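Report on the following structure.
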Amino acid sequence: MIRPASAFTTILLLALAALLAFSPLDTWLDATMPRIVLLQMPAWILFGWLVGRKRGNILVHLDPRGLGALAFAILTVIFWMIPRSIDTIGYSTRADQLLHASLFIAGFALASGFPRLPFVAKAALCIMGTSHVFALGVFYTKHTALLCGSFSLLQQQELGHWLLRLTPFILVLALVGAFRALARAAEQERQTARP
């Protein structure tokens, strides 16, 4: 049974997502490469994650271990991190809307599947994500050729610098999440061990 408060929260989140997709704010976000990667992409994943936390149980029967959701989310993010994909957002409204929809679905799927993943898979995802951000930061900072024709070399290097600055914070968040997951697992083992 769907609770009214939960339904209201879901409707509110979807309304905010629609506002972001069709408001002048979307045009502002699409104007530079750093805004697309650092603001717009995380925002759509977060919207999907928050809605998925409320409705993600509908995927449990389709993906009981959460591995399909994980694979879909990883492939979607990797696709949109390819310079050519980012480039199309600068001149194609259709590509921009596809970015919104696919990252929203990726966040939704991740919210459903991530909690059911074994600890090793969660740790691997955090390590891979952190190293991916660092590698992209180095690549965009050091690469002297323009990768995206819709944006400037200065924006490309600015994005690289921001990714490098964010890497330590992402690592700290990943470590905190790992320790919390370990603490929860230890607590569950203690409770099952009690007579």
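Candidates in the stretch 55-78 are the residues that are at pLDDT 85 or above and in contact with a helix residue (DSSP H, G or I) (Cβ under 6 Å, 6 or more places away or on another chain); of these, the one that is nearest to Leu146 (Cα to Cα) is Thr76.
Contact map, the stretch 159-188: residues that are surrounded by 12 or more Cβ atoms within 10 Å (Cβ to Cβ) and at pLDDT 85 or above paired with residues that are in a helix (DSSP H, G or I) and charged (D, E, K, R), Cβ distance under 8 Å, separation 6+ or inter-chain. Pairs shown: Gly160/Lys142.
For the stretch 92-112, the criterion of a residue being closer than 23 Å to Gly137 by Cβ, of a type in the set (Ser, Thr, Tyr) and surrounded by fewer than 17 Cβ atoms within 10 Å (Cβ to Cβ) is satisfied by no position. Taking the listed residues Asp63, Asp87, the one that is surrounded by 14 or more Cβ atoms within 10 Å (Cβ to Cβ), under 19 Å from Ala121 (Cβ atoms) and in contact (Cβ under 8 Å) with a residue 40 or more places away in the chain is Asp63, with no other qualifying.
Taking the condition more than 20 Å from Leu75 (Cα to Cα) and among the aliphatic types (A, V, I, L, M), does Leu110 pass?
Working: more than 20 Å from Leu75 (Cα to Cα): no; among the aliphatic types (A, V, I, L, M): yes.
Considered against the rule, which asks whether it is more than 20 Å from Leu75 (Cα to Cα) and among the aliphatic types (A, V, I, L, M), Leu110 comes out as no.
Listed conditions (1) of a type in the set (A, V, I, L, M, F, W, C); (2) in a helix (DSSP H, G or I); (3) under 25 Å from Ile36 (Cβ atoms) are all met by Leu182, apart from (3). Taking the stated definitions as given, is Ala109 assigned to a helix (DSSP H, G or I), under 25 Å from Ala135 (Cα atoms) and either modelled with pLDDT under 90 or among the aliphatic types (A, V, I, L, M) (or both)? So Ala109 fails the test. Taken over the stretch 139-168, the residue count meeting the criterion of being out of contact with any Cys (no Cβ under 7 Å at 6 or more places or on another chain), assigned to a helix (DSSP H, G or I) and not basic (Lys, Arg) is 17.
Quick test for you: out of Leu136, Leu125, pick the one residue that is in contact with a Leu (Cβ under 6 Å, 6 or more places away or on another chain), in a helix (DSSP H, G or I) and surrounded by 14 or more Cβ atoms within 10 Å (Cβ to Cβ). Just one listed residue meets the conditions, Leu136. If I filter the stretch 35-54 for residues that are loosely packed, with under 15 Cβ neighbours inside 10 Å, modelled with pLDDT under 85 and either of a type outside the set (Lys, Arg) or over 25 Å from Glu158 (Cα atoms) (or both), do I get at least one hit? No: zero hits. Is there a residue in the stretch 143-150 that is touching a residue at least 24 places away in the same chain (Cβ under 8 Å), of a type in the set (Ser, Thr, Tyr) and within 19 Å of Pro42 (Cβ to Cβ)? Checking the stretch 143-150: not a single residue is touching a residue at least 24 places away in the same chain (Cβ under 8 Å), of a type in the set (Ser, Thr, Tyr) and within 19 Å of Pro42 (Cβ to Cβ).
The values are calculated or read from the model by the stated rules, or taken from the named source; none is laboratory data. All values reported here derive from a predicted model rather than from experimental measurement. For neighbour counting, all protein chains shown are included, and Cβ atoms are generated from backbone atoms with ideal geometry for every residue, glycine included.
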